[in-house]
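A.B. asks: Provided herewith is a single structure, encoded as structure tokens, for subsequent inquiry.
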Amino acid sequence: MGAAASAHDAALARRSWPKVTDAAPDDGELRRLLDAASLVADHASLAPWRVIAIRGDARARVGRAIADAAGAEGDAAAKLAAKPLRAPLLIAVVAVVREHPKVPAWEQEAVAAGVAHLLSLLLDEAGWGVMWRTGPHTRHPLVAEAHGLAPHERLLGWLYVGGRPEGARPPRRTESPAAGRLSTLD
């Protein structure tokens, strides 16, 4: 996008990439982008988030934990277990929730979600294919264990990241939901 691009332009250009190639950003690039993403609004500057870069065989371990959490067997288990293999890099987004007299848990999770969204925007702007994925087992204890989460940490989902395949960019939705969701109080 270049130095002249605005946040508005980046938001309009962003797309979810359900299919990606085997290329992925290295930890250095990921840290650089996280430095920017970490500047989201953060009441009391708690930084109530962390991310886990999941690569290689660790993706299969996460997939097995998801299948086990679902109680799936046979083909259904294999299908669930294979989902994390769709991208070479999964970035697990974790809310690190702690007791605070002025910042409730939901607000801390909102900060972590803000970091995830801004990181997805920055990854997209940097030329990577990104898709934020969740699921019914995101908060299951077996999935938390596979990520090494502490009791006060909550998994929000994963950014699936990889290279953009050749060909057309995924289409942007054509309808604008803003008009039906904006109200004004005077």
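Bear in mind that the values in this text are calculations on the coordinates, not laboratory data. The model shown is predicted, which means the values in this text are computed figures rather than measured ones. Because the Cβ atoms are built from the backbone with ideal geometry, glycine has one as well, and the counts that use them run over all protein chains shown.
A.B. asks: Would you mind telling me the antiparallel percentage of the DSSP bridges in the chain, rounded to 5?
C.D. replies: Details: 22 of 22 bridges.
If I count the DSSP bridges inside the chain, around 100 percent turn out antiparallel.
A.B. asks: Also: For T134 and S176 in one chain, what is 0.36 nm times their gap in residues minus the Cα-Cα distance, to one decimal in nm? Intermediate results must be reported in sequence, preceding the final value.
C.D. replies: Details: separation 42, 0.36 × 42 = 15.12 nm, distance 2.37 nm.
Difference between extended and current length: 12.7 nm.
A.B. asks: Something else about it: Work out, step by step, the length gained on full extension between S183 and A47: first 0.36 nm times the residue separation, then minus their alpha carbon distance; give nm to one decimal. Don't skip to the answer; put the middle values down first.
C.D. replies: On the way: separation 136, 0.36 × 136 = 48.96 nm, distance 3.10 nm.
Between S183 and A47, full extension yields 45.9 nm more.
A.B. asks: Quick one: which of 14-21, 58-65 comes out on top by average Cβ neighbours within 10 Å, and what's the full order, highest first? The partial results should precede the final answer.
C.D. replies: Details: 14-21: 16.1, 58-65: 18.6.
The packing order, highest mean first, is 58-65, 14-21.
A.B. asks: OK, next. Could you work out the Rg to Rh ratio of segment 35-91, with Rh taken as the Kirkwood radius (inverse of the mean 1/r over all Cα pairs)?
C.D. replies: Details: Rg = 15.7 Å, Rh = 13.3 Å.
Radius of gyration over Kirkwood radius for segment 35-91 works out to 1.18.
A.B. asks: Could you give the length gained by full extension between L85 and H152, i.e. 0.36 nm per residue of separation minus their alpha carbon distance, to one decimal place?
C.D. replies: On the way: separation 67, 0.36 × 67 = 24.12 nm, distance 2.75 nm.
Working it through step by step, the gained length comes to 21.4 nm.
A.B. asks: In debye, nearest 20, what is the charge dipole magnitude of segment 38-128 about its Cα centre with +1 on Lys and Arg Cβ and -1 on Asp and Glu Cβ, if you could check? Don't skip to the answer; put the middle values down first.
C.D. replies: Numbers: 10 positive and 10 negative charges, 53 e Å.
In total the dipole reaches around 260 debye.
A.B. asks: How far apart, in nm, are the 7 Å Cα→Cβ label points at R98 and R32?
C.D. replies: Reported label-point gap for R98 and R32 is 3.1 nm.
A.B. asks: Just name one of G74, L185, L118: the one whose Cα is farthest towards the positive end of the charge dipole of the chain (beta-carbon charges, Lys/Arg +1, Asp/Glu -1).
C.D. replies: It is G74.
A.B. asks: Check the straight Cα-Cα distances from K102 and name the aspartates and glutamates below 20 Å, setting aside those fewer than 8 residues away within the same chain.
C.D. replies: D42, E153
A.B. asks: For a distance above 22 Å, tell me the whole-number percent of Cα pairs in segment 63-156 that qualify.
C.D. replies: On the way: 1643 of 4371 pairs.
Tail fraction, whole percent: 38.
A.B. asks: Hey, another quick one. What are the principal axis extents of the Cα atoms in segment 5-45, in Å, biggest first?
C.D. replies: Largest first, segment 5-45 extends 39, 27, 19 Å along its Cα principal axes.
A.B. asks: Can you tell me which lysines have their Cα less than 18 Å from the Cα of K19? Leave out same-chain residues fewer than eight positions away.
C.D. replies: Partners found: K79, K83.
A.B. asks: Expressed as cubic angstrom per residue, what is the convex hull volume of the alpha carbon set of segment 1-151?
C.D. replies: Values: hull volume 18.7 nm³, N = 151.
So the per-residue hull volume is 124 Å³.
A.B. asks: With each pseudo-label sitting 7 Å past Cα toward Cβ, what's the D57-A76 distance in nm, one decimal?
C.D. replies: Roughly 2.9 nm, to one decimal.
A.B. asks: Only helical DSSP H runs with n ≥ 4 go in: add -39500 (n - 2.57) per run for the chain, normalise by residue count and round the 222 nm mean residue ellipticity to 500 deg cm²/dmol. Please list the in-between numbers first.
C.D. replies: Details: 7 runs with 73 residues, N = 186.
Here the helix-only value at 222 nm equals -11500 deg cm²/dmol.
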